[in-house]
Each structure stands twice: as C-alpha cells, then as structure tokens.
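The values are calculated or read from the model by the stated rules, or taken from the named source; none is laboratory data. Small disclaimer: the values here were computed from a predicted structure and weren't measured. Here Cβ is always computed from backbone atoms with ideal geometry, including for glycine, and neighbour counts include all displayed protein chains.
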Amino acid sequence: MEMETGNTLLDRFKQHMSTVGRYKEAVRRLKEPQTPARTSTKRRGRPQREQRQKIIAETIKASAVVEHSSQCSHDLQPSIIFRESRSHLRRVKQALLIRNNPTINRDKGVEVSAVWDTLISKRKCCSLPG
C-alpha cells in the first residue's frame with residue numbers, strides 16, 4: 001500500500017531506519033577515543049564530517065523514530081492498521097487513532113471536532129489492542 005508520500009510502508013520505514021543508523025554511528029563514534037585518521041579502524045561508507053553531537057541532535061529532531069529508538073532498545077515493527085482509499089476520511093481516522101492511542105507521532109493529524117472526542121471516549125471505538 002502506498003502512503004501519501006507515494007512510498008510503501010517498508011520504503012518509509014527504511015528511510016527512518018537509515019536515519020537511526022546515522023544516529024547510532026554518531027553515538028558510537030562519540031564514545032570511542034579520538035584517534036588520528038590514519039590509525040582509526042576502517043569502516044564502510046563515507047566518514048561523518050559533521051560534529052557528532054550536532055548529528056545526534058539533528059537526527060533526533062528530524063525523526064520521531066530516531067527519538068524513540070534512542071530511548072528504547074526493542075525492535076520497531078511498523079504495521080498498517082487500516083486501509084482507506086478516501087484521503088480526507090483516512091486523515092480523520094488517522095488523527096483519531098493518534099489522539100486515542102499511545103504513538104510516537106509528533107503531530108496530532110488533521111483538526112477534528114471536539115464532538116468526536118466525546119463520542120469516542122464514551123464508545124471506546126478508537127482503541128487499538130495493546
């Protein structure tokens with residue numbers, strides 16, 4: 001299933017995990033003693049040019065997945081909760097699910113009338129199994 005960005009859930013998750021990898025590499029390099037470039041251990045990929053503290057702060061700011069991953073050690077397992085082809089209805093459903101369940105989302109989704117909050121709290125119809 002494609003998301004609003006045109007990417008699949010797996011593609012979007014890989015993007016976030018790439019940022020998690022950048023964060024973890026900066027943390028690892030921050031912990032290791034400073035060594036001259038020629039004597040440091042070889043590693044794959046380009047070396048990080050930015051300051052490690054700056055990389056850590058930027059990656060946490062850029063991604064709620066990185067922020068969550070930096071605080072928790074369990075594996076992240078994204079899943080599709082529901083499918084809705086009508087974009088407006090999908091955004092409303094998503095906002096209601098975000099507001100009524102524990103999530104790592106930073107935004108609360110689209111604005112939804114407070115009437116919905118009252119109805120949902122009485123009916124308990126937006127709770128996901130935990």
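Tell me which residues, restricted to the stretch 104-124, are in a loop (DSSP other than H, G, I, E, B) and at pLDDT below 85.
Within the stretch 104-124, the subset in a loop (DSSP other than H, G, I, E, B) is 104-113, 124.
Within the stretch 104-124, just 124 meets the criteria.
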Being surrounded by fewer than 17 Cβ atoms within 10 Å (Cβ to Cβ) and closer than 17 Å to residue 115 by Cβ is the filter here, so list the residues in the stretch 92-101 that pass it. 99
Return the residue satisfying two criteria in turn: it lies in the stretch 75-85 and is at pLDDT below 90 and farther than 16 Å from residue 102 by Cα, and of such residues it is surrounded by the fewest Cβ atoms within 10 Å (Cβ to Cβ). 75
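Find the residue count for the stretch 48-103, including only residues that are within 13 Å of the chain's Cα centre (by Cα), of a type in the set (S, T, N, Q) and not in a helix (DSSP H, G or I). Please lay out each step first, then the result.
Taking the stretch 48-103 as the starting set, the residues that turn out to be within 13 Å of the chain's Cα centre (by Cα) are 59-72, 75-79, 103.
From what is left, the residues that are of a type in the set (S, T, N, Q) are 59, 63, 69-71, 77, 79, 103.
Subset that is not in a helix (DSSP H, G or I): 63, 77, 79, 103.
Selection size over the stretch 48-103: 4.
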Against the condition surrounded by 10 or more Cβ atoms within 10 Å (Cβ to Cβ) and farther than 26 Å from residue 62 by Cβ, how does residue 89 come out, does it pass? yes
